[in-house]
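Every number here is computed from the coordinates shown, using simple stated rules; none is lab data. This is a predicted model, so every value here is computed, not measured. Cβ atoms come from the backbone with ideal geometry, glycine included; neighbour counts cover every protein chain shown.
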Amino acid sequence: MNVKYPYGFDSSGHTAQADLPGHIRDMIEQILLTSPGERVNRPTFGCGVTQLVFAPNSDALAATQQQVIQGSLQQWLSDLIRVNAVNVAAQDSTLLITITYTIIQSQQQQTQQFVYGGAAA
């Protein structure tokens, strides 16, 4: 069962479900937004992108985060996806994360983009 993130209910009152590509995208987002130590039974889960809100934005930070993200994805989702590329770009006060991966079950390549930081619009 591929539970939709964030958790919710469908029109029949049951737990909302997502298709496999949508579910994988949701799981990637959970890994990005979870800081290590947040989950009691999985203290190493996540990569802590949200902790970077107060860190000075630089190319060195982006390169470090790229390695952390790729390692986290391989650790937690290696049975579902093969990570092809992780690109992290520091642009002003924004961190742009682009992840390219292949879904193992269907051999379908996906590219997802996540934007963190920046001023509220």
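For the reader, a short list of remarks on this structure follows.
- Going from the residue with the fewest nearby Cβ atoms within 10 Å to the one with the most, His14, His23 rank His14, His23.
- Short-range pairs are left out: with C-alpha atoms under 8 Å and at least six residues apart, the relative contact order of region 44-108 is 29 percent.
- Note on Thr64 and Ile103: with the Förster distance fixed at 30 Å, the Cβ-Cβ geometry gives a FRET efficiency of about 0.65.
- Taking Cα atoms only, the orientation of helix 20-33 departs from the longest principal axis of the chain by about 40 degrees.
- Taking 0.36 nm per residue of sequence separation and removing the Cα-Cα distance, the Leu96/Arg42 pair yields an extension gain of 16.8 nm.
- When Rg and the Kirkwood radius Rh are both evaluated on Cα atoms of the chain, their ratio Rg/Rh stands at 0.99.
- Computed from Cα atoms, the angle from the helix 59-77 axis to the main principal axis of the chain rounds to 20 degrees.
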